[in-house]
1. Could you check, for the stretch 96-112, whether at least one of its residues is at pLDDT below 95, loosely packed, with under 15 Cβ neighbours inside 10 Å, within 17 Å of the chain's Cα centre (by Cα) and not hydrophobic (A, V, I, L, M, F, W, C)?
2. I'm checking my understanding of the structure. Among residues of the stretch 140-151 that are touching a Pro at 6+ places or on another chain (Cβ under 8 Å) and of a type outside the set (S, T, Y), which one is nearest to S248 (Cα to Cα)?
3. For G88, work out the one condition from (1) within 15 Å of the chain's Cα centre (by Cα); (2) of a type outside the set (A, V, I, L, M, F, W, C); (3) at pLDDT below 95; (4) assigned by TED's automatic domain parsing to the domain that holds P215 it doesn't fulfil.
4. Please go through the stretch 148-193 and pick out each residue that is of a type in the set (G, A, S), in a strand (DSSP E or B) and under 14 Å from the mean Cα position of the chain (by Cα).
5. Going residue by residue through the stretch 32-49, is there one that turns out to be on the phi < 0 side of the Ramachandran plot, touching a residue at least 40 places away in the same chain (Cβ under 8 Å) and not basic (K, R)?
6. Determine, yes or no, whether I119 is assigned to a loop (DSSP other than H, G, I, E, B), at pLDDT 95 or above and out of contact with any Pro (no Cβ under 7 Å at 6 or more places or on another chain).
7. Picking from N212, N270, N249, which residue would you name as being at pLDDT below 90 and either assigned by TED's automatic domain parsing to the domain that holds S152 or of a type outside the set (G, A, S) (or both)?
8. With respect to V185, is the statement that it is surrounded by fewer than 19 Cβ atoms within 10 Å (Cβ to Cβ), among the hydrophobic types (A, V, I, L, M, F, W, C) and at pLDDT 95 or above true?
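The values are calculated or read from the model by the stated rules, or taken from the named source; none is laboratory data. Everything quoted here is computed from the prediction, not taken from an experiment. With ideal geometry, Cβ positions are generated from the backbone for all residues, glycine too; neighbour counts draw on all protein chains shown.
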Amino acid sequence: MKAIKNVSIVISSSRSIEKVLENVKQVLSSSDSKIIEVFSIKDLENKKKFDQLSKSELILVIGGDGTMIGSIRKLYEFGIPFLGINLGKVGFLTDIQPNNLESLNDILRGEYIHEERPIYKVNLGNNNQDIFINEVVVHSGSVAKMINIELSVNSKDIYDLNADGIIISSSTGSTAYSYSGGGPVISPKIGALSFLPMFSHSTSSHCLVIENDEPVNIKINSKGNITPDIVLDGKSKLKYSKGKLKVSNLKKSFLLYHPKDYNYFEACRNKLGLANPIEKIQ
């Protein structure tokens, strides 16, 4: 792998990062790497600020997974790899700890693992659409109110159930909101989508996992004055319109860099408290 010389930085706007940012700048300077731009996550709303971004070989995100997701949503089209320094609580997408920047040095020297992950699209028609990295949540929008959800995959009916909603998660998002609802952990190397009903009024509505290239249609039927919420990555919200919600693979991806000793399942054990590996019997 070649050394990285040009880096842009995105920083969280809700955390105190001055000391970490200063340490990162020192590491970059000692590695003869140049800082192209430093953005606040709020700056990403203004595309006019991206003039110099294309010169970057790496986008270094300082914050939590939310800052990383927000950065990917705004910047994935530049095709520049992302690397995260974790200032959040979990940090599945932000591998490097701020008290251990030696691994950042290694990555700048070209010693890293790279991983490509898919991006998905939700379309409600009439140009009412958006992307998601982790998940899209369809919810009744009201406490203790249900909606009827009809789910079909590749034109084949799967679900017809009454529930508070449904979580549609990518493999990247399987350790996020879906996991907190009892959904499965899915290796990011597997191109998959999971569908987890939320408080369904059915004993047979278990989580479904499918290949991510299969076309998915969801019809939402609501009664009375219930207007369902459709929320993507906990950030973006689509306006509900009657008809079918279509979920599809965008056929575009984002590239993540990891430290050379990165291990996804070790991260699951450390961050989610999953069972420790079985000791080898002597």
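1. No, every residue in the stretch 96-112 fails to be at pLDDT below 95, loosely packed, with under 15 Cβ neighbours inside 10 Å, within 17 Å of the chain's Cα centre (by Cα) and not hydrophobic (A, V, I, L, M, F, W, C).
2. Per the stated criteria, the residue is I149.
3. (4)
4. S169, S170, A192 - these are the residues of the stretch 148-193 that are of a type in the set (G, A, S), in a strand (DSSP E or B) and under 14 Å from the mean Cα position of the chain (by Cα).
5. So far as the stretch 32-49 goes, yes, one or more of its residues are on the phi < 0 side of the Ramachandran plot, touching a residue at least 40 places away in the same chain (Cβ under 8 Å) and not basic (K, R).
6. Numbers: assigned to a loop (DSSP other than H, G, I, E, B): no; at pLDDT 95 or above: yes; out of contact with any Pro (no Cβ under 7 Å at 6 or more places or on another chain): yes.
Against the criterion (assigned to a loop (DSSP other than H, G, I, E, B), at pLDDT 95 or above and out of contact with any Pro (no Cβ under 7 Å at 6 or more places or on another chain)), I119 does not qualify.
7. Working: N212 fails: at pLDDT below 90; N249 fails: at pLDDT below 90.
On inspection, the qualifying residue turns out to be N270.
8. So V185 passes the test.
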